[in-house]
Amino acid sequence: MNTKEFIEIENEYGAHNYHPLDVVIKEAKGVWVTDVEGNKFMDCLAAYSAVNQGHCHPKIMAAFVEQAKHVTLTSRAFRNDQLPLLYKELHDLTGYEMTLPMNSGAEAVETAVKTARKWGYQVKGIAKNKAEIIVASDNFHGRTTTIVSFSTDENARADFGPYTPGFPIVKYGDIDDLKAKINENTAAIMLEPIQGEAGIVVPPAGYLKAVEKLCKENNILFICDEIQSGLGRSGRLFAYYYEDVRPDIVIIGKALSGGFYPVSAVLSSKAILGVFKPGEHGSTFGGNPLAAAVARKSLQVIVEEKLVEKSAENGEYFMDKLRAIDSPHITEVRGRGLWIGFVLDTKARPYCENLMTEGILCKETHENIIRFAPPLTITKEEIDWAVERIEKVVKALD
Ligand SMILES: *Cc1c(COP(=O)(O)O)cnc(C)c1O
């Protein structure tokens, strides 16, 4: 079957909740993908940073296949021989005392929300059903009914009400707005340390530090959603490292499995995750041995291949080269590590379509921003190859 035939079937039988580029991928390796026609493309989205380690990483694949031969799912009614080791390795890598494993990112966000509320009632002593979790404008934390309740994106929210209450919204980066919204019912503030879906929005210097200080002063939990920014994408293991803060709760997902499988987790202290007693929260697939084996190897690859360091170095290199492109339509090139927002003064979609013709896959976010976020394994030579083509496309559309 060719591209057109696959697309016709997909459009006929699948819900149209995405607007994908018309490329039908069949194979992938490292930073490169191949479509059903045999065309090769550089992947500059990396599945929204789920494949930081590169597509079909051989070591993660081997761990995946090997574990699949032994046991894939026990449920948490029984124990398995992979999950304890994932717990220990996450602790050793991040310094957090405990992990609560889930599957998708949204589920881990929901878990963090439930943790903060329970902590609010049981530890902080907030009056019953009054707990508030402050979130930021232009946030992206996932797609469940509760999470879209506190989205500021009408597209994500409209006609999905009634909405879950208890999520005051503050302006991202505005510490005074946050101060004004804190009250005795505030259990937590949840932020992306850099906003990904909003277009790689880096908060003003000192913001996270000031948030942490306010949280400490007011006995509020500081939750960082590192699902996209974490595990090396930003050029640090976690984006919050840039301000030397220590969130009470960190949420991870995406690259935790190198793209093989949905694996997410909530990291925190014994005092905080200790609010959960048996039966109060769970997931059939959460913490399954296949997920745990894949996550263990995915973390090991990040460390062994120095992907965090590579992201920092090659991200600078990529950004410098993009900034050198001279075009009246480029408003800003911003980001951290290999997580670059390429901001235009015009619609980004035609650029993405022309980049596809040139052999580069990327996706617009918010109409006028292109996100460049290739696997962290990308080399300088591959970046040079990409920039040449990006420049060509930008000039052609000037
Ligand atoms: C992708 C993402 C999520 C949701 O993850 P899913 O696996 O799609 O549910 C949550 N938060 C952030 C910051 C994300 O980028």
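Coordinate-derived values only; no laboratory data. Small disclaimer: the values here were computed from a predicted structure and weren't measured. Cβ placement follows ideal geometry from the backbone for every residue including glycine, while neighbour counts extend to all protein chains displayed.
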* Structure fact -> Plugging the Cβ-Cβ distance of ASN17 and VAL303 into 1/(1 + (r/R0)^6) at R0 = 25 Å yields, to the nearest 0.05, a FRET efficiency of 0.10
* Residue-wise HN-Hα coupling along region 326-335, computed from phi with Karplus coefficients 6.51, -1.76, 1.60 (Hz; x: Gly, Pro) -> 9, 8, x, 8, 7, 8, 7, 10, 9, x
* Structure fact -> In whole Å, largest first, the alpha carbons of the chain cover along the principal axes 61, 53, 43
* To do: Can you pull the one-decimal nm distance between simple spin-label points at SER269 and MET61, each 7 Å off the Cα toward Cβ?
  => 4.4
* Structure fact -> Sorted by number, the cysteines in the chain with no other cysteine beta-carbon under 4.7 Å are CYS56, CYS215, CYS224, CYS352
* To do: Report the local net charge at ARG336: Lys and Arg +1, Asp and Glu -1, summed over other residues whose C-beta lies under 9 Å from its C-beta.
  => +3
* Volume per residue of the C-alpha convex hull in region 152-227, rounded to whole Å³ -> 106
* In the structure displayed, which of LYS171/LYS395; LYS310/LYS392; LYS128/LYS216; LYS114/LYS209; LYS40/LYS171 lie more than 32 Å apart, Cα to Cα? -> LYS171/LYS395; LYS40/LYS171
* Using only C-alpha positions, report the orientation-averaged shadow area of the convex hull of region 71-304, nm², one decimal. => 12.5
* Structure fact -> With ARG296 itself left out, Lys, Arg at +1 and Asp, Glu at -1 over residues whose Cβ is under 14 Å from its Cβ give -2
* With a Förster radius of 35 Å, plug the Cβ-Cβ distance of THR72 and ASN183 into 1/(1 + (r/R0)^6) and report the FRET value to the nearest 0.05. => 0.15
* Picking from THR94, GLY274, SER257, whose Cα lies most toward the positive end of the charge dipole for region 71-304 (charges on Cβ: Lys, Arg +1; Asp, Glu -1)? -> GLY274
* Asked: At what distance in nm do the modelled label points of PHE6 and ASN39 sit from each other, each positioned 7 Å from its Cα along Cα→Cβ?
  -> 1.1
* Structure fact -> Given the candidates ILE134, VAL148, LEU322, the one whose Cα lies deepest towards the positive end of the charge dipole of the chain, counting +1 at each Lys or Arg C-beta and -1 at each Asp or Glu C-beta, is ILE134
* Taking the mean number of other Cβ atoms within 10 Å as a proxy for protection, how do you rank 139-146, 223-230 from highest to lowest? -> 223-230, 139-146
* **CD proxy at 222 nm, helix term only [per DSSP H run n ≥ 4: -39500 (n - 2.57); per residue of the chain; nearest 500]** => -11000 deg cm²/dmol
* Asked: Between THR144 and HIS281, 0.36 nm times their residue separation minus their Cα-Cα distance comes to what?
  -> 47.7 nm
* Asked: So, with +1 on the Cβ of K and R and -1 on the Cβ of D and E, and no other charges, what is the size of the charge dipole of the chain about its Cα centre, to the nearest 20 debye?
  -> 1500
* Cα-based Rg of region 82-180 normalised by 2.2 N^0.38 Å, two decimals -> 1.25
* Total formal charge among the other residues, if their Cβ is under 9 angstrom from that of GLU280, Lys/Arg +1 and Asp/Glu -1 -> +3
* Throw me the Rg/Rh for region 15-65, computed over C-alpha atoms with Kirkwood Rh, two decimals. => 1.01
* To do: Mind checking which lysines have their Cα closer than 30 Å to the Cα of LYS69? Skip sequence neighbours fewer than 8 apart in that chain.
  => LYS26, LYS29, LYS59, LYS88, LYS254, LYS297, LYS306
* Thinking of region 8-166 as a set of Cα atoms, what percent of all their pairs are more than 26 Å apart? -> 53
